[in-house]
Amino acid sequence: MKKLIMSFVYAFLGLWYCLKSERNFRIHTFAAITVLGILPRYNLTSTQIAIIFMVIGFVLVCEIFNTAIESLANSVTTEVNPLIKTCKDVAAGGVYVSTLCAVGIAWQILWNTKVLGDLIKACFSAPINLTIFVLYILVGILFVFLPERKKK
């Protein structure tokens, strides 16, 4: 039982490392939270919602694997190595492709001018809504641009 519990602890520590040290992971996390926050405004099928969850998970997993590959590569050598550079570039390319796919799927499922117009109107319809929107954006910027803290 202790091994099972520790496996969850290690997984949480890995996620925590990504959140505190990887700006791109924080960007993807903030985007995911934003998308999940506006989903209730849409009248989506369970299949569409499942696709959105799968795509969000896919992008985050790609970013996690990219971080793992970069960390492993950095532990091998600090000198410039063309093969390690290729590994890191390919891993980053995988994140890029997954993100492009996510944006395409989100565009296809969520692009609805009426819903988007209603969201914009809701943000500007009352001072409190505008205040909440501005605070959300400011918190998001602070979250994304926290100084990176990597272990040496």
Failed condition for Ala102, given (1) exposed (fewer than 15 other Cβ atoms within 10 Å of the Cβ); (2) within 24 Å of the chain's Cα centre (by Cα); (3) closer than 24 Å to Asn43 by Cα: (1)
Lone qualifier among Glu79, Glu70, Glu63 - being in contact with a His (Cβ under 6 Å, 6 or more places away or on another chain) and either of a type in the set (Asp, Glu) or not assigned by TED's automatic domain parsing to the domain that holds Gly94 (or both): Glu63
Cβ-Cβ under 6 Å pairs, at least 6 apart or on other chains, region 76-88 side part of a helix (DSSP H, G or I), far side hydroxyl-bearing (Ser, Thr, Tyr): none
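The values are calculated or read from the model by the stated rules, or taken from the named source; none is laboratory data. Given the structure is predicted, the values throughout are model-derived calculations rather than measurements. Neighbour counts run over all protein chains shown; Cβ positions are idealised from the backbone, glycine included.
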